[in-house]
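Heads up: the structure comes next, in structure tokens.
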Amino acid sequence: MPLLAAFYGIVIYMYHKPREHNPPHIHASYGEHNATLIIENGDILEGELPNRALRLVREWMEIHRSELAEMWETGKIGKIKPLE
């Protein structure tokens, strides 16, 4: 899966296959925890993350929601600035 960002031990990926892979989402990993989050609203589709990591991922998603949606639509996936 292409890497989008890494920050505070959290790694964010996106795998693009829109016809077979909806709703639009990202994958987040933190240690042994993994979750799939819906781009539109940050809801967890699958898996789990500790509360602090989940909060940081959702904050990052909110900042970059339009970029994430565009990547999903176009299939042009690239790195996004991490949280600082």
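A few points about this structure:
- Of all the residues in region 21-58, those that are within 15 Å of Gly9 (Cβ to Cβ), open to solvent by 90 Å² or more (accessible area, probe 1.4 Å) and either of a type in the set (Asp, Glu) or under 11 Å from the mean Cα position of the chain (by Cα) (or both) number 1.
- Strands (runs of 3 or more DSSP E) fully within region 1-71 counting 2 or more residues that are touching a His at 6+ places or on another chain (Cβ under 6 Å): 33-38
- Filtered by the rule that a residue be within 14 Å of Leu4 (Cα to Cα) and either touching a Phe, Trp or Tyr at 6+ places or on another chain (Cβ under 7 Å) or in contact (Cβ under 8 Å) with a residue 60 or more places away in the chain (or both), region 32-58 gives a lone residue, Ile39.
- Filtered by the rule that a residue be surrounded by 17 or more Cβ atoms within 10 Å (Cβ to Cβ) and farther than 17 Å from Met1 by Cα, region 59-84 gives Trp60, Met61, His64.
The values are calculated or read from the model by the stated rules, or taken from the named source; none is laboratory data. Since the model is a prediction, treat every value here as computed from it, not as a measurement. Note that each Cβ is placed from the backbone with ideal geometry, even for glycine, and that neighbours are counted across all protein chains shown. The area values use the complete protein model at the heavy-atom level, side chains included, leaving out ligands, DNA and RNA. Shrake-Rupley method; radii C 1.70, N 1.55, O 1.52, S 1.80 Å.
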